[in-house]
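Engineer: Here's a structure for you.
The values are calculated or read from the model by the stated rules, or taken from the named source; none is laboratory data. Everything quoted here is computed from the prediction, not taken from an experiment. Virtual Cβ from ideal backbone geometry, glycine too; neighbours counted across all protein chains shown.
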Amino acid sequence: MLGLVTHPSYDIPLKDGHQFPATKFSRLMAILARDGVLDGFVQHNPEPASHADLAVVHCPDYINSVAAGTLSARDLRVLGLPWSDALCNRSFLAPNGTLATARLALAEGLACHAAGGTHHAHFDYGAGYCVFNDLVYAARRLVDEGEASEVLILDCDVHQGDGTARMLAGDDRIFTCSLHCRSNYPARRAVSDLDVEIDKGTGDDGYLAMLMDTLAFLAESGRQPDLVLYDAGVDVHENDRLGHLTLSHAGISTRDEMVIRHFRDQGRAVATVIGGGYGTDIEEVAHRHSLVFRAALAVVTS
């Protein structure tokens, strides 16, 4: 059975109307349970990361400010979230959730995290609803501690993984690849090892063709990652309120299965995170996030 990492404290309280669907994490788990998807997984809960753990990739002063609730008004405006005890708690849990998922994937070949993908967090500040960068944290811990020689971060969220790219610039052990909408947040782009920009309005066929070309390029590049961290953001969907692409549910399902199957056929371990997904209908957003879990099961059972 596949490993699935989650925690009941991933939800955070936000005022009605906030763009971030803060209860999508519990709704995702409810949908997976309702539809019998959880029957194919063994659940694991992470422990909070310590300040010393996070200091491997983040500024100690920033970590202390998050923990103490002393972020400035400007910091919170850039982050896009109000500070709360619940936000603080989940911010220390989720990075270790992605690390635990990565370790399960290295042991078993494939594992899924019911959160993660906070790719806009930078070394000393949070942005775009992202407090700490779980992708950078997990990848750097694994290579620093000798659990992986090389990691590929494949980011298919609709927004560029700018924090990931900047934090990992110059680290040859971790390759960053971002497929994102050309006309979208963030306004000031970073430089990933590979950036694939997709035109606004692109739908299933165009997107999947570009993904196929990207996977072929990565296969021919000569890189040999022990682990692929796959950000399966669903803000590429046609109904996403922050997206600007027009993928269908079927298109996202095909994307997720294509990515997972491609790397598993190469013998690469794959750890998935859910990334972004936005909309006024939390149930619909959570259903979109469930697609990567269904794709993972489809790969291992086919």
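Engineer: Can you name every residue in the stretch 50-61 that is out of contact with any helix residue (DSSP H, G or I) (no Cβ under 6 Å at 6 or more places or on another chain), part of a helix (DSSP H, G or I) and within 22 Å of VAL143 (Cβ to Cβ)?
Structural biologist: ALA52, ASP53, PRO60
Engineer: From the list VAL42, VAL131, which one is in contact with a Gly (Cβ under 9 Å, 6 or more places away or on another chain), modelled with pLDDT of 95 or more and among the β-branched types (Val, Ile, Thr)? Lay out the reasoning, then the answer.
Structural biologist: Details: VAL131 fails: in contact with a Gly (Cβ under 9 Å, 6 or more places away or on another chain).
Only one candidate qualifies: VAL42.
Engineer: Just a yes or no: is a residue in the stretch 10-27 surrounded by 14 or more Cβ atoms within 10 Å (Cβ to Cβ), of a type in the set (A, V, I, L, M), touching a Phe, Trp or Tyr at 6+ places or on another chain (Cβ under 7 Å) and at pLDDT 95 or above?
Structural biologist: No, the stretch 10-27 contains no residue that is surrounded by 14 or more Cβ atoms within 10 Å (Cβ to Cβ), of a type in the set (A, V, I, L, M), touching a Phe, Trp or Tyr at 6+ places or on another chain (Cβ under 7 Å) and at pLDDT 95 or above.
Engineer: Looking at the stretch 75-117 only, could you name the residues that are under 21 Å from HIS289 (Cα atoms), assigned to a helix (DSSP H, G or I) and in contact with a helix residue (DSSP H, G or I) (Cβ under 9 Å, 6 or more places away or on another chain)?
Structural biologist: Matches in the stretch 75-117: LEU87, ARG90, SER91, ALA94, PRO95, ASN96, GLY97, THR98, LEU99, ALA100, THR101, ALA102.
Engineer: Determine, yes or no, whether THR70 is within 26 Å of GLN19 (Cβ to Cβ) and in contact with an Asp or Glu (Cβ under 6 Å, 6 or more places away or on another chain).
Structural biologist: Spelling it out, it is not the case that THR70 is within 26 Å of GLN19 (Cβ to Cβ) and in contact with an Asp or Glu (Cβ under 6 Å, 6 or more places away or on another chain).
Engineer: Here are some conditions: (1) modelled with pLDDT under 95; (2) crowded, with 24+ Cβ neighbours inside 10 Å. ARG223 meets all but one. Which one does it not meet?
Structural biologist: All conditions pass for ARG223, except number (2).
Engineer: Just to be sure I understand the filter: pairs with C-beta atoms under 9 Å, separated by 6 or more residues or on different chains, first member in the stretch 257-269 and under 11 Å from GLY109 (Cβ atoms), second member among the acidic types (Asp, Glu) and not in a helix (DSSP H, G or I). Which pairs pass?
Structural biologist: That search, which allows pairs on different chains as well, returns ARG268/ASP226; ALA269/ASP226.
Engineer: Filter the stretch 75-92 down to the residues that are closer than 21 Å to PRO186 by Cβ and in contact with a Ser or Thr (Cβ under 9 Å, 6 or more places away or on another chain), then identify the one that is surrounded by the most Cβ atoms within 10 Å (Cβ to Cβ).
Structural biologist: Taking the candidates together, the pick is SER91.
Engineer: Another question about this same structure. Can you tell me which of GLY275, GLY279, GLY201 is surrounded by 14 or more Cβ atoms within 10 Å (Cβ to Cβ), in contact (Cβ under 8 Å) with a residue 24 or more places away in the chain, farther than 28 Å from ALA107 by Cβ and not aromatic (Phe, Trp, Tyr)?
Structural biologist: Testing whether each residue is surrounded by 14 or more Cβ atoms within 10 Å (Cβ to Cβ), in contact (Cβ under 8 Å) with a residue 24 or more places away in the chain, farther than 28 Å from ALA107 by Cβ and not aromatic (Phe, Trp, Tyr) leaves just GLY279.
Engineer: A further question follows. Given SER72, SER50, which one is loosely packed, with under 13 Cβ neighbours inside 10 Å and within 18 Å of LEU93 (Cβ to Cβ)?
Structural biologist: SER50
Engineer: Identify, by number, the condition in (1) under 23 Å from GLU284 (Cβ atoms); (2) out of contact with any His (no Cβ under 7 Å at 6 or more places or on another chain) that ALA105 doesn't meet.
Structural biologist: Condition (1) is where ALA105 drops out.
Engineer: Could you list all residues from the stretch 251-297 that are aliphatic (A, V, I, L, M) and either farther than 21 Å from LEU38 by Cα or part of a helix (DSSP H, G or I) (or both)?
Structural biologist: ILE252, MET258, VAL259, ILE260, ILE282, VAL285, ALA286, LEU291, VAL292, ALA295, ALA296, LEU297
Engineer: Return the residue satisfying two criteria in turn: it lies in the stretch 162-176 and is in contact with a helix residue (DSSP H, G or I) (Cβ under 7 Å, 6 or more places away or on another chain) and surrounded by 23 or more Cβ atoms within 10 Å (Cβ to Cβ), and of such residues it is farthest from GLY243 (Cα to Cα).
Structural biologist: Only one residue fits best here, namely ILE174.
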